[in-house]
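The values are calculated or read from the model by the stated rules, or taken from the named source; none is laboratory data. Everything quoted here is computed from the prediction, not taken from an experiment. FYI the Cβ positions are ideal-geometry reconstructions off the backbone, even for glycines, and counts take in every protein chain you see.
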Amino acid sequence: MKEVVGGPPPSQGFRDFAHAVKEAIDRELPRWLAPHVAKAKELGGTAFAVADAIRTFTTRGGKRIRPVLMAAACEAYGGPRAFDILPALLSVELLQGYLLIHDDWMDEDEVRRGGPTVHVALRAQFGSARAGEIGAVLAGDLAMGYSLTALLETRTTPDRLAEATRQLARMQVEVVAGQVLDVYHDGNVETVHDLKTTSYTVRGPLLLGASLAGASASQKAELEAFAQPLGLAFQLRDDLLGTFGDPQKTGKSAAGDLQQGKRTALVHELLAADRTGEDRALVERVLGVKDAPAADVARALERLATARPRVEARLSALLDESHAHLGRMDLRAEARNILAGAISALGERER
């Protein structure tokens with residue numbers, strides 16, 4: 001990969017920093033994937049279709065928040081600038097691609113990032129739903145292989161690369177464990193959120209970046225303490241936006257999470273406060289039922305609104321906790337400002 005020299009100084013703030021990293025990812029990801037897709041094409045049409053589906057999906061957009069956090073942590077601990085570790089940044093985007101491809105298939109979602117999900121796109125190409133689903137499973141597996149390949153191309157010392165690889169493996173193990181608990185409705189809601197969201201959205205990318213910077217064990221421990229509540233807050237914000245956000249900004253209908261069967265923090269809070277069993281009965285009639293009666297859906301949304309203040313209070317407490325941890329971390333002012341901006345961007349976003 002052609003390396004890009006330079007980059008935005010952290011003093012420009014989180015938004016400028018994030019914008020520059022996102023632009024670099026959007027530019028370099030298709031370049032990195034091109035020879036891999038070309039190699040797949042040499043193997044035949046089906047191999048090309050699967051690899052090209054990864055390229056189409058991962059280059060179609062996205063917030064790129066994970067590589068942004070990874071780059072911020074690397075620079076915060078005196079490591080290479082963002083554009084000097086681009087393969088590692090691409091790695092976390094490809095990891096997310098793998099997870100989203102499988103998640104969309106399991107949730108039977110048809111659209112992601114303004115286009116067809118991978119199993120839907122491959123269904124059209126291969127001519128059957130079953131072939132499309134098999135193709136999506138294989139595409140996710142291949143994207144994970146690409147993720148590891150990209151990480152191993154990062155120019156750093158062997159010990160830092162080994163530690164970064166361990167962190168990538170930890171991310172994969174934890175998020176899959178969280179998905180198992182989520183799919184089978186097993187486990188405490190915050191445990192699920194920690195494993196499924198915090199692991200690869202906040203904690204994992206931050207620790208990956210710190211590993212590439214050669215951060216000490218104590219520095220990584222304090223970074224993990226900062227990341228833990230922030231990752232949970234990110235998921236709570238996602239749950240709130242899914243039901244109460246502006247559909248023009250989120251791209252979701254208010255009933256979308258209910259109809260997809262998502263046991264959000266709102267659902268858990270509503271059921272925890274249920275003393276008569278009426279809310280539980282109502283939720284059972286609509287959760288995961290795409291053709292549930294409109295009146296039941298409307299009533300369920302009204303009841304979820306009663307749980308909103310408790311979820312918002314928990315979200316606020318988590319953000320305060322992250323700020324408190326950040327205040328105790330030994331960082332340069334510029335790096336502290338970047339991470340403070342990340343708290344706002346993840347916990348107070350509108351989409």
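Would you say His193 is assigned to a helix (DSSP H, G or I) and either in contact with a strand residue (DSSP E or B) (Cβ under 7 Å, 6 or more places away or on another chain) or under 23 Å from Lys262 (Cβ atoms) (or both)? Answer is yes for this residue.
Just one of the listed residues (Glu42, Glu75) is crowded, with 22+ Cβ neighbours inside 10 Å, over 20 Å from the mean Cα position of the chain (by Cα) and part of a helix (DSSP H, G or I), and it is Glu75. Can you confirm whether the range 174-187 contains a residue that is surrounded by fewer than 24 Cβ atoms within 10 Å (Cβ to Cβ), in contact with a Gly (Cβ under 6 Å, 6 or more places away or on another chain) and within 25 Å of Gln235 (Cβ to Cβ)? Yes: one or more hits. Of all the criteria given as (1) of a type in the set (Gly, Ala, Ser); (2) free of Cβ contacts under 8 Å to residues at least 40 places away in the same chain; (3) in a helix (DSSP H, G or I), the one not satisfied by Gly187 is (3). No other residue among Asp141, Asp159 is over 25 Å from Ala38 (Cα atoms), outside any loop (DSSP other than H, G, I, E, B) and acidic (Asp, Glu) apart from Asp159. Do we find that Ala129 is farther than 24 Å from Leu258 by Cα, surrounded by fewer than 20 Cβ atoms within 10 Å (Cβ to Cβ) and out of contact with any helix residue (DSSP H, G or I) (no Cβ under 7 Å at 6 or more places or on another chain) in this structure? Spelling it out, it is not the case that Ala129 is farther than 24 Å from Leu258 by Cα, surrounded by fewer than 20 Cβ atoms within 10 Å (Cβ to Cβ) and out of contact with any helix residue (DSSP H, G or I) (no Cβ under 7 Å at 6 or more places or on another chain). The helices (runs of 4 or more DSSP H) found entirely in the range 237-351 that carry 3 or more residues being modelled with pLDDT under 95 and over 18 Å from His185 (Cβ atoms) are 247-250, 294-328, 333-347. Annotation note: Cβ proximity below 6 Å between a residue of the range 224-240 that is assigned by TED's automatic domain parsing to the domain that holds Ser253 and a residue that is among the polar types (S, T, N, Q) and not in a helix (DSSP H, G or I) (sequence gap 6+ or interchain) occurs for Asp239/Thr264. Can you confirm whether Leu86 is in the same structural domain as Gly45 (by TED's automatic domain parsing), farther than 28 Å from Lys252 by Cα and not polar (S, T, N, Q)? In short, yes. Considering only residues that are closer than 30 Å to Ala342 by Cβ and in contact with a Phe, Trp or Tyr (Cβ under 8 Å, 6 or more places away or on another chain), look in the range 21-52 and name the one that is modelled with the lowest pLDDT. Filtering the range 21-52 for residues that are closer than 30 Å to Ala342 by Cβ and in contact with a Phe, Trp or Tyr (Cβ under 8 Å, 6 or more places away or on another chain), the one modelled with the lowest pLDDT comes out as Ala24. Tell me, yes or no, whether the range 92-112 has at least one residue that is of a type in the set (Ser, Thr, Tyr), in contact with a Ser or Thr (Cβ under 7 Å, 6 or more places away or on another chain), under 30 Å from Arg237 (Cβ atoms) and buried (at least 20 other Cβ atoms within 10 Å of the Cβ). Yes; the residues of the range 92-112 include at least one that is of a type in the set (Ser, Thr, Tyr), in contact with a Ser or Thr (Cβ under 7 Å, 6 or more places away or on another chain), under 30 Å from Arg237 (Cβ atoms) and buried (at least 20 other Cβ atoms within 10 Å of the Cβ).
Against the test of being in contact (Cβ under 8 Å) with a residue 12 or more places away in the chain, surrounded by fewer than 20 Cβ atoms within 10 Å (Cβ to Cβ) and touching a Leu at 6+ places or on another chain (Cβ under 9 Å), the options Thr165, Thr117, Thr157 yield a single qualifying residue, Thr165. From the list Ser147, Ser128, the lone residue that is under 17 Å from the mean Cα position of the chain (by Cα), among the hydroxyl-bearing types (Ser, Thr, Tyr) and at pLDDT 95 or above is Ser147.
The set of residues in the range 53-72 that are modelled with pLDDT of 95 or more and surrounded by fewer than 20 Cβ atoms within 10 Å (Cβ to Cβ) comprises Thr56, Thr59.
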